[in-house]
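Derivation of every value follows stated rules applied to the coordinates shown; laboratory data play no part. Model, not experiment: these values are computed from the prediction. Cβ atoms come from the backbone with ideal geometry, glycine included; neighbour counts cover every protein chain shown.
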Amino acid sequence: VTGSPVDPQSVKGFLSSEEGAALTDLARACAPLGPVVEIGSYVGRSTLYLAAGAREAGGVVIAVDHHRGSEEHQPGEAWHDPELVDPETGRVNTLPAFLETLERAGARDVVQPVVARSPDAARAFAGEAGLVFIDGGHALRTALADWRAWGPKVAPAGVLAIHDVFPDARDGGRPPHEIWLRAKASGLFDPVGGAGSLMWLRRVG
Ligand code: MG
C-alpha cells in the first residue's frame, strides 16, 4: 500500500490483496463525499487498505469495532485466535493489536477508532459517510443491524461495500449476502462492482 511501511497482508485478517486494493480505490474515490466508515476492524488489515485511499484524498477513516470479537471469534468457534485473548479477563480483546497495527503503519492520523457496537456508533454519527464498509459479525441479527444502522448514512453517490458476500451458503455465512440483497432491493442502491467476496453498491438517491 502506497506510503505505508506495513504490508496489510502481514496483519491478521480475512481480506485478500485483491479485495484490499478495491477498498483502497473505493476509499480514495469516496472520501471527498464524507468520512470512510469501517464496521468491523478486527486487528486492522482492511483498515490499512482504507486508510491508504482516504489519505490520498485528504479524508479520514472512522473505524468502528467493539473489539470483543465477532460470534465466530469466540473461544470454541471456528475463527478463534488464542493470541487475541486478554489474559487478565479471559475475553477476546482485539483493541491492543488494532492500535499496534495503526502505530506501526503510521496511520493514527488518518484513522479514528470508535470502540462501540455498530448501532450505537451509528446513533452518534450525525453526518453522511462517503463510504461505508460492512465487515462485521456474520450472525443474521448482527448483519441486519449493521445494514439498518448504516445503509441510510451513505451519502448520495457514496458507496456501501460489504465483505463476505457468498451467494452460495456453502462458501461462507449467508447473512452478508442477505444484506447485499436487501440493499439492492431497497431502491437506495445500485450494485456497481465486486472483487472476491467484496461487493459494493452506489447510493442513487
Ligand atoms: Mg470479512
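Confirm whether Val36 is more than 16 Å from the ligand (Cβ to nearest atom), buried (at least 22 other Cβ atoms within 10 Å of the Cβ) and among the β-branched types (Val, Ile, Thr).
Numbers: more than 16 Å from the ligand (Cβ to nearest atom): yes; buried (at least 22 other Cβ atoms within 10 Å of the Cβ): yes; among the β-branched types (Val, Ile, Thr): yes.
For Val36, the condition - more than 16 Å from the ligand (Cβ to nearest atom), buried (at least 22 other Cβ atoms within 10 Å of the Cβ) and among the β-branched types (Val, Ile, Thr) - is met.
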Report summary line: Here the residues within region 21-39 that are touching a Leu at 6+ places or on another chain (Cβ under 8 Å), within 18 Å of Val114 (Cβ to Cβ) and among the β-branched types (Val, Ile, Thr) are Val36, Val37
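Are any residues in region 184-198 of a type outside the set (Phe, Trp, Tyr), surrounded by fewer than 23 Cβ atoms within 10 Å (Cβ to Cβ) and outside any loop (DSSP other than H, G, I, E, B), and if so, which ones?
As a first pass, look at region 184-198 and keep what is of a type outside the set (Phe, Trp, Tyr): 184-188, 190-198.
If we keep only those that are surrounded by fewer than 23 Cβ atoms within 10 Å (Cβ to Cβ) as well, we get 184-188, 190-197.
The answer is Lys184, Ala185, Asp190, Pro191, Val192, Gly193, Gly194, Ala195.
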Query raised in the report: For Gly20, which of the numbered conditions (1) of a type outside the set (Asp, Glu); (2) within 14 Å of the ligand (Cβ to nearest atom); (3) touching a Ser or Thr at 6+ places or on another chain (Cβ under 6 Å); (4) under 22 Å from Leu131 (Cα atoms) fails to hold?
Result: (3)
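When you scan region 181-194, do you find a residue that is within 16 Å of the ligand (Cβ to nearest atom), closer than 13 Å to Gly151 by Cβ and hydrophobic (A, V, I, L, M, F, W, C), even just one?
So the first thing to find is which residues in region 181-194 are within 16 Å of the ligand (Cβ to nearest atom), and the list is 194.
Keeping just the survivors that are closer than 13 Å to Gly151 by Cβ gives none.
There is no residue in region 181-194 that is within 16 Å of the ligand (Cβ to nearest atom), closer than 13 Å to Gly151 by Cβ and hydrophobic (A, V, I, L, M, F, W, C).
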Report task. Filter region 134-178 for residues that are within 16 Å of the ligand (Cβ to nearest atom), assigned to a strand (DSSP E or B) and more than 19 Å from Trp79 (Cβ to Cβ) and give the result. Result -> Leu160, Ala161
Query raised in the report: Does any residue of region 67-87 turn out to be under 21 Å from Gly151 (Cα atoms) and in contact (Cβ under 8 Å) with a residue 24 or more places away in the chain?
Result: yes
**Report entry** Residues (within 16 Å of the ligand (Cβ to nearest atom), touching a strand residue (DSSP E or B) at 6+ places or on another chain (Cβ under 9 Å) and not β-branched (Val, Ile, Thr)) located in region 46-61
**Finding:** Ser46, Leu48, Leu50
